[in-house]
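Below is one structure, written out as structure tokens; comments come after it.
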Amino acid sequence: MNPLIRRQTLGDLLRRSAARNPNKTAIVCGGTSWTYAEFDAICNRLANGLIASGVKTGDRVAMLSRNSHAFAAVRFALARMGAVLVPINFMLNAEEVAYILRHCGAKVLWTGPDMVELGRKAAAQDTQVQRLLWLPGEDPAEPPAGMEHFEGLLSADASEPQAEVDARSLLQIIYTSGTESLPKGAMLTHEAVCWEYVSCLVEGEITAGDLILHALPLYHCAQLDVFLGPGLYVGATNVITGKPVPDNLLALLAKHRVNSFF
């Protein structure tokens, strides 16, 4: 029996949604629109590209970025290859970001278009970060000269990544705000997050017919794991924006006929 049939990891949830609804729109962000089949293949290509470039199962990979289609792809690519996502609050200063990078032992840091300098300053403060990668945002932009970037890793093949990942593998480390002490990292497995998704689907009545607008930051577990993850689990369509201001939100609600918004 194919072991993938019974395995229950975050990457498997997306693979099954793509098998059920390959031609349905999964992700919309700015001028980018991906079907479930396209999104599934992109996540595999990205995972295989990261593996080929030296990222290993268990490596902590940090994200310092506003919401984007690429943020969602990295999230599922890391899950597929067994690396650990560490999303970081982009409103922190360089010293605060550096503390989280040191504490989790991140070796790779993805930075959004307007976070490159913040990422460089933080990574330079006695961290284990070896590589800074550029993540495209909602609006068109060019990566800084000489910097590794998202599109450069998509030339890998779209086969299922060869990685030892199971339900009890560590999926992500989500840091607390640190308002009363230094931030604490909550270590969550694939199994823990998948069960949390089931609770959200039941209590939130999220269905495949939903068209969900994701505007609050994906570095936070609310938008990432209460809405985006469950939405992809059931095959909903997900509109992502990194600009949570009234004029933009009202335009997106009308344009895409959104029926679910947190």
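What are the pairs, 6+ residues apart or on separate chains, where a residue within the range 108-126 that is under 14 Å from Ala98 (Cβ atoms) and assigned to a loop (DSSP other than H, G, I, E, B) has its Cβ under 6 Å from a residue that is open to solvent by less than 60 Å² (accessible area, probe 1.4 Å) and of a type in the set (A, V, I, L, M)?
Close Cβ pairs (under 6 Å, with a partner that is open to solvent by less than 60 Å² (accessible area, probe 1.4 Å) and of a type in the set (A, V, I, L, M)) amount to Met115/Leu64; Gln125/Ala98.
Of everything in the range 177-189, what is at pLDDT 95 or above and open to solvent by 60 Å² or more (accessible area, probe 1.4 Å)? Give them in sequence order.
Within the range 177-189, Lys184, Met187 qualify.
Among the strands (runs of 3 or more DSSP E) contained in the range 1-93, which hold 1 or more residues that are under 15 Å from His190 (Cα atoms) and open to solvent by less than 30 Å² (accessible area, probe 1.4 Å)? Spell out the reasoning first.
Values: elements: 25-29, 32-35, 60-64, 84-87.
Where strands (runs of 3 or more DSSP E) fall fully within the range 1-93 and carry at least 1 residues being under 15 Å from His190 (Cα atoms) and open to solvent by less than 30 Å² (accessible area, probe 1.4 Å), they are 84-87.
Out of Ala192, Ala167, which single residue is open to solvent by 20 Å² or more (accessible area, probe 1.4 Å), among the small types (Gly, Ala, Ser), part of a loop (DSSP other than H, G, I, E, B) and in contact (Cβ under 8 Å) with a residue 12 or more places away in the chain?
Values: Ala192 fails: part of a loop (DSSP other than H, G, I, E, B).
One residue alone meets the criteria, Ala167.
Are there any pairs, at least 6 apart or on different chains, whose C-beta atoms fall under 8 Å, with the first in the range 12-33 and at negative phi and the second open to solvent by 50 Å² or more (accessible area, probe 1.4 Å) and acidic (Asp, Glu), and if so, which?
Ala26/Glu38
Do we have Ala52 as touching a helix residue (DSSP H, G or I) at 6+ places or on another chain (Cβ under 9 Å) and free of Cβ contacts under 8 Å to residues at least 40 places away in the same chain here?
Numbers: touching a helix residue (DSSP H, G or I) at 6+ places or on another chain (Cβ under 9 Å): yes; free of Cβ contacts under 8 Å to residues at least 40 places away in the same chain: no.
Criteria not met by Ala52.
Inspect the range 99-117 for any residue being open to solvent by 60 Å² or more (accessible area, probe 1.4 Å) and basic (Lys, Arg) and give the result as yes or no.
Checking the range 99-117: at least one residue is open to solvent by 60 Å² or more (accessible area, probe 1.4 Å) and basic (Lys, Arg).
Restricting to the range 223-247, and then to whatever is out of contact with any His (no Cβ under 9 Å at 6 or more places or on another chain), touching a residue at least 24 places away in the same chain (Cβ under 8 Å) and open to solvent by 20 Å² or more (accessible area, probe 1.4 Å), can you tell me which residue is nearest to Val193 (Cα to Cα)?
Val226
Could you run through the range 200-222 and say how many residues are free of Cβ contacts under 8 Å to residues at least 60 places away in the same chain, crowded, with 20+ Cβ neighbours inside 10 Å and outside any loop (DSSP other than H, G, I, E, B)?
Matching residues across the range 200-222 total 2.
Within the range 248-262, can you find the residues that are within 22 Å of the chain's Cα centre (by Cα) and open to solvent by 70 Å² or more (accessible area, probe 1.4 Å)?
Phe261, Phe262
Just one of Ala156, Ala124 is of a type in the set (A, V, I, L, M) and surrounded by 13 or more Cβ atoms within 10 Å (Cβ to Cβ); which is it? Before the answer, list the steps.
On the way: Ala124 fails: surrounded by 13 or more Cβ atoms within 10 Å (Cβ to Cβ).
Just one listed residue meets the conditions, Ala156.
Do any residues in the range 65-94 that are at positive phi have Cβ atoms under 8 Å from those of residues that are of a type outside the set (Lys, Arg), where the two are at least six apart or on different chains, and which pairs are they?
Hits for this filter: Gly82/Thr57; Gly82/Gly58; Gly82/Ala163; Gly82/Glu164; Gly82/Val165; Gly82/Ser169.
The values are calculated or read from the model by the stated rules, or taken from the named source; none is laboratory data. This is a predicted model, so every value here is computed, not measured. As a convention, Cβ positions derive from the backbone with ideal geometry for all residues, glycine included, and neighbour counts pool all protein chains shown. Note: accessible area is taken over every heavy atom of the protein model, side chains too, but ligands, DNA and RNA are not part of it. Shrake-Rupley method; radii C 1.70, N 1.55, O 1.52, S 1.80 Å.
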